[in-house]
Amino acid sequence: MWAMSHCHPGRARREASKPRRGKRLETLTYLTLGVLLLDAAPATWPMYQYAPDHNAVFASAEPPHSWQFDAGGKINGGLAVVGNTLYAETFAKSVIALDRSTGKVLWRTTMPNIVMTTPIVADGLVIVGTGKDRVAFDNGRTLIWGVPGGDEIAALDANNGHIAWTYHTVGEDMPSPALVRIGGRDAIVFANGDDHVRALDVRTGHLIWST
């Protein structure tokens, strides 16, 4: 079997202070994985830690591959793996795709704010949400978590990281969405910092419903 994990920030800071092979490591967070080649890799990544039990462990008969990747910032929302690609998001405002066997960077896309969610992978797209965990507005009756300019749900092409569509929200987009089927099509459902729950079409980003 194989499982995924990332370093706790405190541990990462301690590791960053240690010289390794004569080089001083400057950044704070490192992605460290023991990865096995899957007999049948997931075709989608529908939610945080893959399934409702949040236990992303898969059976495999292949030998392990171990590597470490300097992510350049804290990994907040978790990881996703589809096929031989691993997707991660960081507090450095980036979404990163890595070769799962080697740790080689396949692409990296910079976002306008911190990426707060687990990457949801479906229909050839990687869907993430941005935010900053701060209060944007509070008048005693209405509380909005976010930044003055708002945040966004964004879909990136899984092959190259290019932005396919964005959906702007007033509040920050955290926690992670979940992949569902609505009317025969793939959709994501998410709650966010402006006290709404929304459903978006995965392929187009069009709003299906909001409450």
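Taking the conditions (1) under 13 Å from the mean Cα position of the chain (by Cα); (2) at pLDDT 90 or above; (3) assigned to a loop (DSSP other than H, G, I, E, B) in turn, Asn159 satisfies each one other than (1). The residue list Ala88, Ala92 contains one member that is of a type in the set (Gly, Ala, Ser) and assigned to a strand (DSSP E or B), which is Ala88. Check the stretch 102-111 and report whether any residue there is of a type in the set (A, V, I, L, M, F, W, C), part of a loop (DSSP other than H, G, I, E, B) and modelled with pLDDT of 90 or more. Among the residues of the stretch 102-111, at least one is of a type in the set (A, V, I, L, M, F, W, C), part of a loop (DSSP other than H, G, I, E, B) and modelled with pLDDT of 90 or more, which makes the answer yes. Suppose we keep only residues that are of a type in the set (A, V, I, L, M) and either at pLDDT 95 or above or buried (at least 24 other Cβ atoms within 10 Å of the Cβ) (or both) within the stretch 117-149. Which one would you say is farthest from Ala43 (Cα to Cα)? Top of the filtered list is Val128. Taking the stretch 162-177 as the range and being of a type in the set (Val, Ile, Thr) and either under 16 Å from the mean Cα position of the chain (by Cα) or outside any strand (DSSP E or B) (or both) as the test, the residues that pass are Ile163, Thr166, Val170. Among the residues making up the stretch 33-53, a single one is among the β-branched types (Val, Ile, Thr) and at pLDDT 70 or above: Thr44.
The values are calculated or read from the model by the stated rules, or taken from the named source; none is laboratory data. Predicted model, so just to flag it, every value in this text is computed and none were measured. Virtual Cβ from ideal backbone geometry, glycine too; neighbours counted across all protein chains shown.
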